[in-house]
Amino acid sequence: MTQISFENIEKAIQKIDGLNEEALDRKIETFTLKQQALVNYILQAGLEYENEELNMYSIYYFAIIHEAFDIQGITLNEVTEDAIEAFQEPFLLALDAIYKDEDYSPMQDLVQQHHLNQFMMNEIDAVDEDGDSLTDETKTQLFIVASGMIGLMNGAVQK
């Protein structure tokens, strides 16, 4: 499995952050049309957690991660409802390993994109330019959403 490089993650961040609001909306719309079931899965988390801020961050990182796959030259198949359903049991088991034993290895093995995982862990713990950081609740929720998103996208890599 090809790892998304840190260099291409940085390029994706620069590209997404360099877009004006209209261009960013178009980019997100383009990615959403390619991955409708995945975006619905991502946004469902915000509804379930009753956290609108989570949706904002989730879609932003969805754009960066999708862009990183594109820059790396990796084509993604559409993530289907069946793929999401099949992913849920091993994903929940990996989350249990984290919460019960603080063992992240099952999640790393499931998601298989170590650089993207590391990037998201750094982002979740980061303090922004205003000195603000995410609440602990949003950090946890974003970790869950991002891990699922990366794992599902990685599973959709065109072979």
Listed by first then second residue, the pairs whose first member lies in the stretch 10-29 and is surrounded by 11 or more Cβ atoms within 10 Å (Cβ to Cβ), whose partner is outside any helix (DSSP H, G or I), with beta carbons under 8 Å and at least 6 positions apart or on separate chains, are 27/19
Positions within the stretch 74-93 being in a helix (DSSP H, G or I) and in contact (Cβ under 8 Å) with a residue 40 or more places away in the chain, in sequence order: 81, 83, 84, 87, 91
The condition from (1) under 18 Å from residue 159 (Cα atoms); (2) at pLDDT below 95 that residue 83 misses is numbered (2)
Scan the stretch 104-159 for residues that are assigned to a helix (DSSP H, G or I), farther than 20 Å from residue 11 by Cα and of a type in the set (Val, Ile, Thr) and jot them down. 111, 138, 140, 144, 145
Any residue in the stretch 138-152 that's more than 11 Å from residue 58 (Cβ to Cβ) and touching a residue at least 40 places away in the same chain (Cβ under 8 Å): show its pairings with residues that are assigned to a helix (DSSP H, G or I) and of a type in the set (Phe, Trp, Tyr) at Cβ separation under 6 Å, as long as the two are six or more apart or on different chains. 152/87
Can you pull out every residue in the stretch 92-124 that is farther than 15 Å from residue 149 by Cα and more than 15 Å from the chain's Cα centre (by Cα)? 93, 96, 97, 98, 99, 100, 101, 102, 103, 104, 105, 106
The lone condition residue 4 fails out of (1) touching a residue at least 24 places away in the same chain (Cβ under 8 Å); (2) assigned to a helix (DSSP H, G or I); (3) crowded, with 18+ Cβ neighbours inside 10 Å is (2)
In the list 144, 71, which residue meets the criterion of being hydrophobic (A, V, I, L, M, F, W, C) and within 28 Å of residue 23 (Cβ to Cβ)? 71
Matching residues in the stretch 66-95 - criterion: being surrounded by 15 or more Cβ atoms within 10 Å (Cβ to Cβ) and closer than 14 Å to residue 143 by Cα: 91, 94, 95
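The values are calculated or read from the model by the stated rules, or taken from the named source; none is laboratory data. This structure is a prediction, so every number in the text was calculated from the model and none was measured. With ideal geometry, Cβ positions are generated from the backbone for all residues, glycine too; neighbour counts draw on all protein chains shown.
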